[in-house]
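Here is the structure we will look at.
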Amino acid sequence: MIPIHALLTRILAFTLTALALLAPAANAQQQGLFQTAITVNDLVITNYELQQRELLLTVLRAPGSPTTEARKGLIDDRLRLTATKSAGISPTEEQITEGMEEFAGRANLSAEEFIKAVGQAGVSAETFRDFVAAGLAWRELVQGRFGARSQVTEPEVDRAMALQGSAGGARVLLAEIVLPLTPQVAERNQALAQRLSETIKSESAFSAAARRYSASPTRGRGGRLEWLPLGNVPPQLRAAVLTLGPGEVSEPLSLGNAVGVFQLRGLEETEAASPETQALEYVTVLFPGGRTPETLAQAKSFEDRYDTCDDLYAPAKDLPSEYFERTVLPTAEVPGDISLELAKLDSNEVSTALTRQNGQFLVYLMLCGRTLDIPLDENGEEVDLRARVREQLFNQRITSFADSYLEELRADAIIVEQ
């Protein structure tokens, strides 16, 4: 799924950059926009479509290089179109409209508001429509072709719920490479994360890459983390971990202000645990000046003087209100980079690994505690945890089938790039 939670806060900042990078520079280029760039089984992809997809991926802050991912995504769409047409599948206008509303709803926008927002970056409504329509047709094909083979048994649900319990069940040993996504380096680091994900094949190679590239304080020890209870791990990382074998490396994962690549070094089952979800309570204090020796020293003095989150209210009264915040959120709603740091902490422990506003502020992050939180749906009713886990396992399985099928289509296709 393409991450879009950062759209509202970043789209304006990316609009001018995206247009400056991608807009045609002259009339000659304008005339070449509708020339063929790629053919896939005789289906045409134009330069204009490539430009539009690149713009869309840029404003959505999708992982990887927008240029590379735009080409790959449009080729994949043509392969999917070949398969869905052969199967006689074509979404209705009503289905497409509903799909657009669903997609935009993930950013708490209506489809009309979403189209207006991305339109500020030069993305046409038709580009968004085609993007959604291709996904809907493929989803229908995959459900019909692999749905029966992807069903999940009750023992599989039991085991997954035990593994994901925060009071036990399993613990995980990871290594991390964390790359910032400030505007100046976002495209480069997204491309780097994708390359590292695809090329690293050993723990020694991962460790060397972490020491060379990672912005996390763990870089000095090759990105290696201590054992973590699986239930403490951020949900998006937890889902990725459960699909990895020892030594395998994850796809790039969005962490909000950063992108992360993770290697599974070990996974141990412990005592069985009843399934539960968590809410995280934490404090953030911003120190102007970024990650400098002076601000790190100031943060260290805070850590030495203030032992708990409650203690931090004393210095907070002398800070601008926007520099201090105490937050309680369900784990799934905590920003990705903060969630990852909190996973490493016990109550009243501190991290100074993060920055904000393009590195201008150091984040002093203290975990106040973890509390049980039974999730509620939009009607205020308790979520059926077994149903949620069953759906997660089904989606993982059917996605694996779909990816394998797409690889078969790619291997059989005739793809010509101009």
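No lab work stands behind these numbers, since they all come straight from the coordinates. What you see is a predicted model, and the numbers here were worked out from it, not measured in a lab. Here the Cβ positions follow ideal geometry from the backbone for every residue, glycine too, while neighbour counts run over all protein chains shown.
Each residue of segment 107-121 was assigned a 3J(HN,Hα) from its phi angle through the Karplus expression (A = 6.51, B = -1.76, C = 1.60, θ = phi - 60°), giving 9, 6, 10, 7, 4, 5, 5, 5, 4, 5, 5, 6, x, 5, 9 Hz with x at Gly and Pro. Shape class for segment 98-241: oblate, because the ratio a/c of the largest to smallest gyration tensor axis (alpha-carbon atoms, square roots of eigenvalues) is 1.5 or more and b/c is at least a/b. Please label the shape of segment 174-315 as rounded, prolate or oblate, based on the square roots a ≥ b ≥ c of the eigenvalues of the alpha-carbon gyration tensor (a/c under 1.5 means rounded; beyond that, a/b larger than b/c means prolate, else oblate). Since a/c reaches 1.5 but b/c is at least a/b, the shape of segment 174-315 is classed as oblate. Where a ≥ b ≥ c are the square roots of the eigenvalues of the C-alpha gyration tensor, would you call segment 278-372 rounded, which needs a/c under 1.5, or, failing that, prolate if a/b is larger than b/c, or oblate? Prolate is the answer for segment 278-372, as a/c is 1.5 or above and a/b outweighs b/c. Residues whose amide H falls under 5 Å from that of Ile38, counting only those 5 or more places apart or on a different chain, are Ile45, Gln418, with hydrogens built in the peptide plane. Karplus-derived 3J(HN,Hα) values for segment 132-148, using 6.51 cos²θ - 1.76 cosθ + 1.60 with θ = phi - 60°, are 6, 4, 4, x, 5, 4, 5, 4, 5, 5, 5, 4, x, 7, 10, x, 5 Hz; glycine and proline are entered as x.
For segment 340-373, list residues with backbone N below 19 Å from a point placed 7 Å from the Cα of Leu296 toward its Cβ? The answer is 341, 350-366.
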